[in-house]
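The values are calculated or read from the model by the stated rules, or taken from the named source; none is laboratory data. The structure displayed is predicted, hence computed values, not measured ones. Note: ideal-geometry Cβ built from the backbone for every residue, glycine included; neighbour counts use all protein chains shown. Heavy atoms of the whole protein, side chains included, go into the accessibility calculation; ligands, DNA and RNA do not. Shrake-Rupley method; radii C 1.70, N 1.55, O 1.52, S 1.80 Å.
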Amino acid sequence: MEITRRNFIQFLVGGVAGLQLTPVPWKLTDDSAIWTQNWPWVPVPPVGAFTHEKSVCNLCSGGCGIEVKKVDDRAVKIEGRTDYPVNPGGICPLGMGGLQLLYNESIRFTGPMKRVGPRGSGEFKDISWDEAIKELSDRLSALRKNGRPEAIAAVDGNPIRSTMSLMIERLLSAVGSPNYVRIPCAEDTYQTANGLMQGTQGPMAYDLENADYILSFGSGLLEGWGAPGRVLNAWGLWHGNPAEKKTKTVQVESRASNTASKADQWVAARPGTEAALALGLAHVIIKEGLYDSEFINNSSFGFHDWSSADGKEHVGFKAMVLNKYSPGKVARITGLKIEDIASLARDFAGAKAPIAVCGKGKGDLNGSLLEFMAVLSLNALVGNINNPGGVLIQDPLPLSPLPEIKMDGIAGKGIAKGRLDKAGTRQFPFSQSLINNLAEAVINSPKSPIDTLLVFSANPAYTLPDGGAFKKGMKNIPFIVSFSPFRDETAYMADLILPDHTYLEKTDDVVCPSGLQYQLYGLSRPVLEPVYDTKSTGDVIIKLSKGIGGAAGSAFPWDDYGEVLKARAKGLFDSNGGLVSYDGSVPVWELQKRKPGLSPDYKSFDDMWEKINSGGLWYRPAHTYKNWEGLFKTPSGKFEFFSSQIELAVSGGTRPEHLGIGVSGDEMFMPHYEELQSEVNRSAYPLVMVPYEMINLAGGWVPNPPFLNKTLFDDQLLKDESFAEVNPKTASEYNLKQGDRAIIKSPAGQVRVRVNIFEGAMPGIVYLPLGFGHTAYDEFLHGKGINPNDIIHAGKDPLSGQPVWWNTPVKLIKL
């Protein structure tokens, strides 16, 4: 069987009951092995016995279980594990291709290096680890001695809540810098929405497998959203046997993605109008009395009109939605038909266990906070909060906290100077990190306020949707250090390279995989010795702190990173529950519906830790459903349609315009729709560019395995040119034919593409895939197509202040 993109996609979404039931993915990896056997950097495996090593994949935040097949000490194949609850045998294309990220010195750093050529040239010389750590520790120590610890900044791309993220933030705090920033992702938006409406800081938890109606607002369920192995398996459950079909899937998306094409219903709303649609559905549900009155009347706040303690009358969510979001108004905003909006609302409310999910594409980028709040409101209206098949409210994993840092005077003064990105201030009270603001602070200052930038598991020069602003800011920063194992665009801008191991060479944790409905702690383990002279970043941070000395050194009392992981895991044992093995005989989503109180399958902490190291997991498949009383940690103690926290921020002096809110009155404290405001002359830029993601193309900081090029159509990438998708009507207006070359120009820049005329593209929209356009790496990635992020003209999302990347005004010029 020849592997083409067409039959590759068919195996992913063609109605199989689960990836583990088809030999096609394994055939794909076999074909890729044949294709790559003549590459000079791929050694021929020795003749020897087969062995298998179990671990956890952390190429994304999904945390799927993997099994690595080896011949002697050589890894030859990666498969999904059937004894791991997240992804019963399933694995995504990126996970299958992980070995090509392990054995490729053309895309990896083989040891610590120091820049010798111009910044961005990628010219480095080898240095020893002792030299590299000493140079960095001396520089950080000098900044502290000069009273400038706040001139140190860190960019962290590790998953939120992970131990590695805690270590990086701890290092910044210990030296005295408040300037720890994260790469924005959907999980940040989930957390903020949960905090404002539910008062919780736990992860978003979707009980997908027990739902009977999935309403997805742009989530790429077949493009790698959430934990890809889990969601692909769930899709097989939903669609595996048409005769026994119990779950309906509906995809709201302007483009006919694989998810939209394979869903039971595709709802093509205009991009950026998802919040309006969610509120239009709410209008019908409320007007026709289809909402859950028990939940609304007993466990929610702000649904009905109400009076505050000072006697002021307030408009509730019900009145606001009925007044402003009629199907007719929403139809004009979204481009949908009135009857389709009404029908969708009735179907959703009429299901036994409906769930609305959001987070565009793979969830690698942040979303619209108002949209997430509107979608969460839909789940609340039908009472499917903390019920089987709904949105579950999870407590954070009971991991032990790290010891409190004892700051010295230098660190205290540095922290007191405040964050450069203004996150958490009166201007951006609901954001913990705003990397876009950090770039603006560097660009707009006569002299960079950052002297030393540390970059961990991130490639912001490539992945940030900012029209190249962060890369521009990097040119002004005197000293940049990359801890990436890969020769990426950001690392090419660095002065010093301290390369991390890849995920197959180290131990690290996965804390609550994205979207998972039960508590899970995953632990990767090295399946082989490091291929090159790399070191675990956790170990490097500990050694670096010792070199800095003082309070920074005392903040890291451990000998190695493994001790940190073990210390945190003690909290799992102390929580008196959980399992460390899974045999798959009963699906975990069925286990969860049984009465809580499963007995631990370990006898002591040491026994538990040994088994976690061996099997890679601790999980608690138990949940107390409903339990609405006392569940919400908001000021009202209830689910808040009217957010008390937003009201408190405004009454405390935060001006609505500073929050980016364009409405007035009580509406500003509730989920609502706001049309994106732009200073751009739309007559000069009449079209809109929307990026999209594919499951077989990595668009994040991890490079794409070369064998996945075999799965791309020649109307997506042809030699070195990538394609923009446009509707036939749009193509006709610009006199474009299939394969024509064109320029897409925005206020931030321009790119050159070829045109793919696609009936599934909405008229007036230009769609560009994320994952092409690298200026680093090897011949299989470098110079292949264009990067949409280079031309994104990003505004700020209301309330959150995060970049708006999903609607960039552009014009199309035929060449």
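Counted by Cβ distance under 13 Å from Pro763, the other residues give a net charge of 0, where Lys and Arg count +1 and Asp and Glu count -1. Given a 1.4 Å probe and the protein chains as shown, Lys784 ends up with an accessible area of around 40 Å². By the scheme Lys and Arg +1, Asp and Glu -1, what is the net charge of all other residues having a beta-carbon under 11 Å from that of Tyr602? Result for the local shell: -2.
Farthest toward the positive end of the dipole of the stretch 409-486, out of Leu420, Gly409, Asn459, is the Cα of Gly409, where the dipole comes from beta carbon charges about the Cα centre. Cross-link reach is defined here as a Cα-Cα straight distance under 13 Å, omitting same-chain residues fewer than 8 places apart; for Lys811 the aspartates and glutamates meeting it are Glu733. If R0 is taken as 35 Å, the Cβ-Cβ distance between Lys719 and Ser614 corresponds to a FRET efficiency of 0.15.
Candidate cross-link partners of Lys719 among the aspartates and glutamates, defined by an alpha-carbon separation under 13 Å and a same-chain spacing of 8 or more, comprise Glu779. Across the protein chains, with a 1.4 Å probe defining accessible surface, the residues Glu440, Glu223 rank Glu440, Glu223 from largest area downward. Applying both filters, DSSP loop and at most 14 other Cβ atoms within 10 Å, to the trypsin sites (Lys or Arg not before Pro) of the stretch 323-397 gives Lys337, Lys352.
Using a Förster distance of 35 Å, how high is the FRET efficiency between Ser636 and Asn681, based on the Cβ-Cβ distance and rounded to 0.05?
Values: r = 45 Å, r/R0 = 1.27.
The value I calculate is 0.20.
Structural descriptor for the stretch 641-738: relative contact order 15 percent, calculated from alpha carbon pairs under 8 angstrom and at least 6 residues apart. For the stretch 97-135, state which GluC sites (Glu not before Pro) are in a DSSP loop and have at most 16 other beta carbons lying within 10 Å of their beta carbon. Those that pass, being in a loop and sparsely packed, are Glu105, Glu123. Looking at the stretch 561-656, the GluC sites (Glu not before Pro) that sit in a DSSP loop and have at most 12 other Cβ atoms within 10 Å of their own Cβ are Glu629.
Our estimate of slack between Ser604 and His658, defined as 0.36 nm per intervening residue step minus the Cα-Cα distance, is 14.2 nm.
Think of each Lys and Arg Cβ as +1 and each Asp and Glu Cβ as -1; about the Cα centre, that makes the dipole of the stretch 264-416 roughly 420 debye. In the chain, helices alone account for a calculated mean residue ellipticity at 222 nm of -8500 deg cm²/dmol, with every DSSP H run of four or more residues adding -39,500 (n - 2.57). Solvent-accessible area of the chain (1.4 angstrom probe, protein heavy atoms only): carbon and sulfur portion equals 49 percent.
Taking +1 at the Cβ of each Lys and Arg and -1 at the Cβ of each Asp and Glu, which of Gly224, Gln677, His623 sits farthest along the dipole of the chain towards its positive end, judged by Cα position relative to the Cα centre? My answer, from the dipole projection, is Gln677. Using heavy atoms of the protein chains and a probe of 1.4 Å, the accessible area assigned to Ile338 is about 90 Å². Compared with the alpha-carbon gap, the fully stretched path from Lys546 to Asn735 is longer by 61.6 nm at 0.36 nm per residue. Give me the percent of DSSP beta bridges within the chain that run antiparallel, rounded to the nearest 5. That works out to approximately 55 percent antiparallel. Between Arg332 and Glu779, the contour length at 0.36 nm per residue exceeds the Cα-Cα span by 156.2 nm. How high is the FRET efficiency between Lys593 and Ser343 when r is their beta carbon distance and R₀ equals 35 Å, given to the nearest 0.05? The formula returns an efficiency of 0.70 here. Modelled spin labels at Gln427 and Ser121, positioned 7 Å past Cα toward Cβ, are 3.8 nm from each other.
Of the listed residues Leu222, Leu598, the order by accessible area with a 1.4 Å probe, largest first, is Leu598, Leu222.
Within 13 Å, Cβ to Cβ, of Tyr734, how many net charges do the neighbouring residues add up to if Lys/Arg are +1 and Asp/Glu are -1?
Neighbour charge sum, excluding Tyr734 itself: +4.
Working from label points 7 Å from Cα in the Cα-to-Cβ sense, the Lys475 to Lys413 distance is 3.4 nm.
Working from label points 7 Å from Cα in the Cα-to-Cβ sense, the Gln201 to Leu322 distance is 3.9 nm. Per residue, the average separation of C-alpha pairs within less than 8 Å and at least 6 apart gives the chain a relative contact order of 18 percent.
Compute the Cα gyration tensor for the chain, then decide on rounded, prolate or oblate, letting a ≥ b ≥ c be the square roots of its eigenvalues: rounded whenever a/c is under 1.5, prolate when a/b is larger than b/c in the other cases, and oblate in all that remain. Rounded, because the longest to shortest axis ratio a/c is under 1.5. Residues whose amide H falls under 5 Å from that of Ile393, counting only those 5 or more places apart or on a different chain, are Asn386, with hydrogens built in the peptide plane. Take Trp609: with every protein chain present and a 1.4 Å probe, its accessible area is about 30 Å². Charging the Cβ of each Asp and Glu at -1 and of each Lys and Arg at +1, and nothing else, the dipole of the chain about its Cα centre rounds to 1040 debye. In summary, the aspartates and glutamates within cross-link reach of Lys626, defined as a Cα separation below 19 angstrom excluding same-chain residues under 8 places away, comprise Asp207, Glu209, Asp212, Asp292, Glu294, Asp395, Glu590, Glu640.
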